Amino acid sequence: KPMEGRISDIGPRHFGEFLPPVIAKNFGKWDYHEILEPGVLCHTALSGDKAYTVRCGSARLMTVTHVREICDIADKYAGGHLRFTTRNNIEFIVEDKQAALDLKAFLNNQKFPGGSMKFPVGGTGAGVTNIVHTQGWIHCHTPATDASGTVKATMDVVFDDFQNMKLPAPVRISMACCLNMCGAVHCSDIAILGIHRKPPLIDHEYLDNLCEIPLAVASCPTGAVRPSKVELNGKTYKTVAIKEERCMFCGNCYTMCPSLPLSDGEGDGIAIMVGGKISNRVTKPAFSKVVVPYIPNEPPRWPTMTKVIKKILDTYAADANKYERLGDWANRIGWERFFEKCELEFTAHLIDDFRDPAYYTWRQTTQFKW
Ligand code: SF4
Ligand code: SF4
């Protein structure tokens with residue numbers, strides 16, 4: 001009983017209040033599910049009841065007007081119920097197969113004034129689903145690249161694989177605009193990661209007046225920040241010094257102390273990582289590895305980045321066995337072959353000797369040739 005033991009009246013209401021009737025009735029008693037066609041799932045309960053889900057893409061960051069439009073569709077077609085998946089897909093759940101197919105047709109016909117699709121149906125099975133992503137230049141303080149722009153440009157070049165299920169296996173693409181990584185870049189098949197490449201600047205005057213020095217020192221995971229004093233214009237400021245050779249440009253200190261900004265038009269850009277996934281019934285989870293250390297920011301369409309992603313995706317689609325995830329394919333053919341086939345350069349920047357050798361590094365085995 002989802003409502004049992006709920007005694008608080010603060011915070012969000014319990015999700016159990018919002019379940020579609022067929023989900024509430026069969027809660028915890030589902031037998032199996034199947035994908036009927038791209039974007040349409042059917043879950044069958046032990047009771048024989050069926051729930052049909054229609055999944056479509058969303059922009060994730062959306063206006064109130066757009067949210068109202070989605071709610072109106074849910075009211076009209078899905079008994080007032082809708083849900084968002086962790087990868088920002090919108091799902092409508094209905095109890096009748098024909099209603100699901102009608103809803104798919106309706107959603108695919110909804111267009112923006114320019115003619116592009118408003119609620120494209122897809123994102124299931126052996127295809128690309130919506131991209132999980134972070135906040136970007138507008139909504140966070142430490143981004144090294146934008147989120148909405150890079151995601152829109154990427155989705156545009158992989159859109160065919162969002163609407164169809166013709167890849168060897170699911171491909172999860174994620175995006176995080178700094179290595180604090182609010183996205184799932186460590187465990188996605190293809191990941192876009194914003195990286196800074198320069199240490200923070202120090203605004204001594206502001207720092208003295210604004211920041212807790214012990215907090216700024218404690219925030220640094222590599223111990224690069226230490227207390228210091230600086231003479232400026234005949235005045236002594238209590239401030240910090242940064243040991244630049246220890247800095248890994250993570251931005252943690254800036255999160256604690258706004259007098260240590262590290263955004264930089266030339267230094268900031270994107271790294272591409274591949275081969276991560278969460279565990280499944282057969283294999284353990286895998287971390288993504290860096291395969292392109294740096295691509296400059298090229299708003300608004302990031303052409304170099306999208307070309308690299310499309311090449312990796314197309315090479316994988318043509319070369320992998322059925323059911324083989326992108327990282328499994330690279331492991332099977334060898335990462336050296338992966339770089340050759342995807343026409344990526346293996347550079348010294350990819351060999352990372354950071355503290356944890358199981359993470360992001362290529363020096364894990366004598367079988368690795370470079
Ligand atoms: Fe902010 Fe970094 Fe998270 Fe992006 S990934 S939203 S920059 S903390
Ligand atoms: Fe330390 Fe990260 Fe700040 Fe560099 S950016 S000084 S590593 S907290």
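Annotations
- Net charge of neighbours whose Cβ lies under 14 Å from the Cβ of T150, counting Lys and Arg as +1 and Asp and Glu as -1: +1
- All other residues whose Cβ lies under 11 angstrom from that of C56 are scored, Lys and Arg at +1 and Asp and Glu at -1, for a net of +2.
- The orientation-averaged projected area of the convex hull spanned by the Cα atoms of the chain comes to 23.2 nm².
- Percent antiparallel among DSSP beta bridges (both partners in the chain, rounded to 5): 85
- Based on C-alpha pairs under 8 angstrom that are at least 6 apart in sequence, the chain has a relative contact order of 12 percent.
- When nucleic acids and ligands are ignored and a 1.4 Å probe is applied, E212 ends up with an accessible area of around 120 Å².
- Comparing F92, G194, A45 along the charge dipole axis of the chain, the residue lying farthest to the positive side is A45, per the Cβ-charge model.
- For the peptides 264-273, 249-258, residues were scored by their other Cβ atoms within 10 Å and the scores averaged per peptide; the highest-first order is 249-258, 264-273.
- Rounded to 5, the percent of DSSP beta bridges in segment 122-246 classed as antiparallel: 55
- Straight Cα distances below 14 angstrom link K238 to the aspartates and glutamates D203, E205, D208, E212, with same-chain residues fewer than 8 positions distant left out.
- For segment 178-222, the gyration tensor built on C-alpha atoms gives a prolate shape. Its axis ratio a/c (a ≥ b ≥ c) is at least 1.5, and a/b is the larger of a/b and b/c.
- In terms of packing, defined here as the mean over residues of other Cβ atoms within 10 angstrom, the peptides 183-194, 135-146, 71-82 line up highest first as 183-194, 135-146, 71-82.
- Considering only N89, N280, N331, the Gaussian network model of the chain with Cα springs below 10 Å gives its largest mean-square fluctuation to N280.
- With 0.36 nm allotted per residue and the present C-alpha distance subtracted, the A59-N164 stretch has 35.9 nm of extension available.
- Relative contact order for segment 205-334, counting Cα pairs under 8 Å that sit 6 or more residues apart, in percent: 18
- More than 19 Å apart - percent of Cα-Cα pairs taken over segment 189-249: 38
- Distance from segment 17-84 to segment 108-166 (C-alpha centre basis), Å: 20
The values are calculated or read from the model by the stated rules, or taken from the named source; none is laboratory data. Please read these numbers as outputs of a predicted model, since none were measured by experiment. Cβ atoms come from the backbone with ideal geometry, glycine included; neighbour counts cover every protein chain shown. The protein model used for the area step is the full one, side chains on, heavy atoms only, and it has no ligands, DNA or RNA in it. Shrake-Rupley method; radii C 1.70, N 1.55, O 1.52, S 1.80 Å.
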